[in-house]
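Have a look at the structure below, then the notes.
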Amino acid sequence: MKRKALVTAVFVSLIVVAGLSIQMNRTSKDTGALNGSDSPAVLVGGDLHTLTINNSEMIISGHESTAISNDFGKSWTAINALDNADIMAWATSSSMVLAGGHDGLYSSLPNENTFVRTDFYKKLSDVHALGASGEYVYLATPEFGVFASSDGGRTWEARNSQIGKGFMGSMLVDPKNPMRVLAPDMQMGLLQSLDGGTTWETLGGPLGSMAIAWNPANTNEITVIGMGESGTTLDSGKTWREISLPVGAAVVAYSPDGNSLFTGVLTEPPYAQVFKSTDDGVSWSTEISSSSTNDLGLGEAHTEETDSHSEEAMEPDMPGMDHSSPQVDETEADRPLKATLGTFGVATSIVLSGAIILRRRDRNQREAKVNARKNSGEVR
C-alpha cells in the first residue's frame with residue numbers, strides 16, 4: 001500500500017510538472033509575440049481610451065499620452081501638447097480638430113497638432129465623447145449630457161441633459177445626414193439619434209458599450225466593443241453577430257476604404273499595440289508582425305477591467321474611468337504562470353497528503369493484525 005501511494009504521488013506530480021512546462025513555454029511564446037522587435041508598441045499610459053482614423057492619420061490616446069501614425073501603426077509620433085490630458089475622444093470638423101478628456105476640451109487647426117485648451121460650457125472640465133462630420137460636431141459630458149455645434153465646434157448648444165452622461169469615446173456622425181448620430185453608452189449600449197442629439201433610441205448589440213466604429217464605405221456596418229462581448233451589425237442594429245477580438249481590446253476603428261478593421265490593446269502597460277484584421281475580425285495581426293492568432297494570445301472577447309469613477313450617473317465598476325495612475329504588479333504574461341504555480345503547489349499538497357494518509361492507514365492495518373495475533377496467542 002505504501003509503495004502504491006508513493007507511485008501515485010510521483011505519477012501525479014510528473015503530470016503537474018509537465019503541465020507547468022507547457023504553460024511556461026506557451027507564456028514565453030505569447031510574450032515574445034507581443035513584445036518582439038517586429039511588434040510595434042506606443043506609450044499611452046495606464047488606460048487606453050480611444051483609437052481614431054482620419055484619412056491617412058491614425059491617432060491613439062490614453063491616460064498619459066497621445067500619439068499619431070501616418071502609416072497605420074508601423075511608427076508613432078507623440079503629440080506633446082496633449083501629454084497627461086487623459087484624452088478620451090476625438091472629432092475632426094471641416095475647420096478644426098477637437099480632443100476631449102478629463103482635463104476638458106482641446107482644439108487645433110488641422111494637420112498642426114498644436115492643441116490648446118478651449119473654454120466650454122461653464123468651463124467644463126470633463127469631456128468623454130466627441131463626433132463630427134463637416135461643420136456638425138457633437139459632444140457629451142458626464143455632468144451635462146449632450147451638446148451640438150453647427151459651426152465646427154466654435155459655439156455649442158445643449159441638446160439633452162440626461163442622455164450622454166454615460167457616453168465614452170467616438171460618436172459617429174453620418175456624413176450624408178449629420179442629424180444621425182451614434183454613440184456608445186456604457187450603461188445602455190449602442191444608441192442612435194436621428195434629430196441631432198435631442199432624442200435617442202437603443203440599437204441593441206453588446207451591453208456596456210465602450211467603443212464603436214462604422215465602415216466609412218457602408219455606415220450600416222457597425223462594430224461595438226462591450227464590457228462582456230463584442231459584435232458587428234451589417235444592418236444598423238437589426239441583427240448582430242459576435243466578433244472575436246484580441247484579448248484586452250478596448251478601442252476599434254475602420255480604415256477609410258472599409259477593408260480593414262483595427263483595434264488597440266494595452267499589451268504591456270503603459271504601452272499599447274494596434275492590431276489589424278482584413279477578414280472581418282476572423283484573424284488579427286500587428287501591422288509589421290505576421291504572427292498567428294494563437295501566438296498573439298487572442299480570445300473571443302476582451303477582458304473586463306475594474307477601474308472606478310466617481311462622477312454622477314457612472315457605475316462604480318465601469319472600465320477605463322479611473323483617473324489615477326495604476327500600480328502594475330504583474331504582467332498579463334505572468335498571471336497564467338503564477339496561476340499554474342499555485343495549481344502546482346495545491347496539487348502537490350493534495351498528493352503528498354494523500355500519500356501520508358495512505359501510509360498511516362497501512363500502518364494502522366499492520367498494527368491491528370499484530371494485535372489480533374497477540375490476542376489469539378500466535379505471538380508471544
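FYI, it's all coordinate maths here, none of it is from the lab. Please read all numbers here as calculations on a predicted model, not as lab measurements.
Okay, here's what the table says:
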| read-out | value |
| --- | --- |
| Integer Hz, Karplus 6.51/-1.76/1.60 couplings in order for the range 176-187, x for Gly and Pro | 8, 8, x, 7, 8, 10, 10, 8, x, 10, 6, 9 |
| Hz values of 3J(HN,Hα) by residue in the range 221-230 - Karplus curve (6.51, -1.76, 1.60), Gly and Pro given as x | 8, 10, 10, 10, 9, x, 6, x, 7, 10 |
| Distant-in-sequence amide H partners of Asp103 (H built 1.01 Å from N, under 5 Å) | Val127 |
